[in-house]
Amino acid sequence: MQIITSGQAAALIRDGVTVAASGFGGCCHPEAISAAVEARFLAEGKPLNLTLLFAASTGDRKTRGMGHFAYEGLTARVIAGGWRGTPRLGALALAEKIEAHCWPQGVIAQLYRAIAAGQPGVITHIGLGSFMDPLHGGGRMNASTPQSLVERVTLRGRDWLLYPSMPLDCVLLRGTTADEDGNVTFEDEAFSLDVLAMAQAGRNSGGIVMVQVKQVARKGSLLAGDVRIPGALVDYVVVCKDPAQHGVSFGETDNLSYTGRFRAAVNRLAPAPLSADKVIQRRAFVELAPLTFPTINLGIGIAAGIGRIAAEEDFLDYTVTIESGVIGGIPAEELSFGAAVNPAAIIPQASQFDFYDGGGLDIAFLGMAEVDVRGAVNVSRFGDAVVGVGGFTNISQTARRVVYLGSFSTGGADIGVRDGRLDIVQDGRHCKIVDAVTQISSSPDFAPEGQPQTVVTERAVFRVIEGHLTLTEVAPGIDVRGHVLERLPKGVAVADQLVEMDARLFASGAMKGFSA
């Protein structure tokens, strides 16, 4: 193991290689190394034509994280689960400047293990019927992507998808402390993701493994049980003491409550202000309240706020899980999403997805960009945004119950909550309930048999009943015809008896003992 600078690390990346990097949203990414790669490219025009592989959306939705690689010439191909955090890579994809592939986040997390083990790839049911299925595009996100890398295969009379292995020439990881032998611990990190499998995959591919850390400790001083990456797998260590490039997330310098080393007083968390988003989160929480000790998942964005709603309502009898491998606690939001305040356990990301893929979730709460009349959902590409699926497809195709959350309309909406009712000052130009989604991120046709699916907006609630999206509830005080019915596409069913959403959803203060 050698200790080198971030600039020296960037200089080791050759033209045309495949680079895999750790990260989840704004957490656990080797920012100093990525920034040095960008600086080298701008100064020298090197390296060229990289293939990037990363599982979760990794960036600050501006320029950081994998966004440092977003230059024509620097990057030739991207295979990623989440694109939301790297809009500059998305812009390259939309401009047809790179090959762009989107695979499920959980599949990529599991793929690192397959690469390390010399296996042909990941064979799974995840993605069947979605745009990642070769019958529907094979995960290609633009016209410049010549062919799908994903294959349909038949085993034991069933169709599966094969997401293929590939050699990893360079693996970029992050930890907290390395000793003089290169053993790496993660005491200040929100989670460790799949760093062990990634390091093993890089070593067994004949590639190089570089790890960014805060500090170097004396040889033999780290507890063996705390080591997440053995030194035998590490070629280079980069020390970064700059909190802007090695904070716990792109949103926070440090937060001990994410690591389990400090237990925060949950009752000190400020309640979320009353808003249309909070109405959506509260109504989604109603689906959780009657369940007995459920294991749940909260997706990124608006869905993550349900943890705070549950805390406000003193509802503690559930176990929350996040794709990052975090179990228990209250999920963080925005640039710290993936972490949780007061987690009970933190496991590898791939292991979390093993549990999800096998049907371990009792209920999942996920965001949505579009929902069509058959209940198919799009979160991956719409308008001028390449967002990717993240863990959405893994979760929506396997959870026992799914609740999708989002606003009813988008584009110039001005909607508030006043005097215990919804106030639609200005409606959005585009309704999110559509005749057919732009891209199928998940479909009821490939969900577990009997899976209840609910769509919650601030003004209306829908359920998928006998293959049709069906309006079942409306908010009090709105113009139901003008604000809901006339905006729905043909094909959306309407329940015989529309129910009015509970007034407590629109009132200040806790709802107190709410149950469906």
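We did not get these values from a lab; they are worked out from the coordinates using the rules stated. The model shown is predicted, which means the values in this text are computed figures rather than measured ones. Reconstructed Cβ throughout: ideal geometry from the backbone, glycine too, with neighbour counts over all protein chains shown.
Here are some notes:
- Per-peptide packing, taken as the mean over residues of other Cβ atoms within 10 Å, places 288-295, 119-126 in the sequence 119-126, 288-295 from highest down.
- Taking each DSSP H run with n ≥ 4 as -39500 (n - 2.57) and averaging over every residue of the chain yields -5000 deg cm²/dmol at 222 nm.
- Fraction of antiparallel bridges per DSSP, the chain only, in percent to nearest 5: 45 percent
- Equivalent-ellipsoid semi-axes of segment 143-207, from the Cα gyration tensor, Å, largest first: 34, 15, 13
- Amide H contacts of Phe408 (H built 1.01 Å from N, in plane; Pro and chain starts excluded): Glu458, Arg459 sit under 5 Å, all sequence-distant by 5 or more or on other chains.
- Placed amide H near Gly26: partners under 5 Å, 5+ positions off or other chain: Gly59, Phe250, Phe337
- Top positive-direction residue, dipole computed over segment 438-516 with Cβ charges, set Met511, Leu498, Leu471: Met511
- Low-density loop cleavage sites - GluC sites (Glu not before Pro) in segment 418-480, where at most 11 other Cβ are within 10 Å (DSSP): Glu449, Glu466
- Sites count as exposed loop sites when they are trypsin sites (Lys or Arg not before Pro), lie in a DSSP loop, and have at most 12 other Cβ atoms within 10 angstrom; the longest stretch of the chain without one is 264-428.
- Amide H contacts under 5 Å for Trp103, placed H, 5+ residues apart: Ala80, Gly81
- Scattering curve values for segment 266-506, log₁₀ I(q)/I(0), Debye with Cα scatterers, q = 0.08 Å⁻¹: -0.28
- Annotation: lysines with alpha-carbon distance below 25 angstrom to Lys512 (same-chain offsets under eight excluded): Lys278.
- A simple rule links phi to the HN-Hα coupling: the Karplus curve 6.51 cos²θ - 1.76 cosθ + 1.60 with θ = phi - 60°, which for segment 220-231 gives x, 8, 8, 5, 4, x, 8, 6, 9, 10, x, x Hz, with x for Gly and Pro.
- Length-normalised contact order for the chain - Cα pairs under 8 Å, 6+ apart - percent: 13 percent
- Integer Hz, Karplus 6.51/-1.76/1.60 couplings in order for segment 123-133, x for Gly and Pro: 9, 7, 8, 5, x, 4, x, 9, 5, 7, 6
- Of all lysines in the structure, those lying under 16 Å Cα to Cα from Lys214, and not within fewer than 8 positions of it along the same chain, are Lys241.
- Relative contact order (percent, whole number), segment 373-463, Cα cutoff 8 Å, 6+ residue spacing: 40 percent
- Given +1 at the Cβ of Lys and Arg, -1 at the Cβ of Asp and Glu and no other charges, the dipole of the chain around its Cα centre is 360 debye to the nearest 20.
- Alpha-carbon Rg with Dmax, taken over segment 417-477, Å: 14.4, 42
- For segment 243-322, the Kirkwood estimate of the hydrodynamic radius, built from every pair of different alpha carbons, is 14.3 Å.
- Proportion of all alpha-carbon pairs of the chain beyond 35 Å (%): 33 percent
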